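Have a look at the structure below before the remarks.
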């Protein structure tokens with residue numbers, strides 16, 4: 001027997017706010033039963049894990065040990081970075097073909 005990834009969990013200050021960012025970034029929706037304490041986002045396409053967001057009392061204190069690498073579907077990395085910035089992300093490092101960004105709560109992710 002093997003396991004599969006059911007969900008990827010984010011600890012955060014406001015579950016709905018962070019779920020809203022990631023839903024918009026990935027072309028999905030926040031589940032209607034979500035609250036500021038717990039929220040989830042189903043994958044936009046078949047086969048991906050659910051993103052789960054849970055409120056915790058402590059803030060983020062160190063670099064993520066795991067992160068998402070997002071691929072701009074049309075290959076236009078600068079346009080995708082601008083779109084994600086408009087949603088609330090910030091650029092941490094722009095390496096041209098690999099841009100390190102931070103989501104609204106400071107979680108690192110890359111756009112390539």
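Of note:
- Relative to the longest principal axis of the Cα atoms of the chain, the long axis of helix 15-26 lies at roughly 40 degrees.
- Taken over the Cα atoms of the stretch 1-58, the convex hull encloses 87 Å³ per residue.
- Equivalent ellipsoid semi-axes, the chain, via Cα gyration tensor eigenvalues times 5, rooted, Å: 22, 17, 14
- 90, 61, 50, 20 arranged by Cβ crowding within 10 Å, fewest neighbours leading: 61, 90, 50, 20
- Folded to 0 to 90 degrees: helix 77-87 orientation relative to the chain principal axis, Cα: 40
- Shape category assigned to the stretch 67-112 from the gyration tensor of Cα positions, a/c cut at 1.5: prolate
- Its DSSP H runs of at least 4 residues, each contributing -39,500 (n - 2.57), put the calculated 222 nm mean residue ellipticity of the chain at -6500 deg cm²/dmol, to the nearest 500.
Computed from the coordinates by the stated procedures, all read-outs in this text should not be read as laboratory data. Note that the structure is predicted; figures quoted are calculated from it, not measured. As a convention, Cβ positions derive from the backbone with ideal geometry for all residues, glycine included, and neighbour counts pool all protein chains shown.
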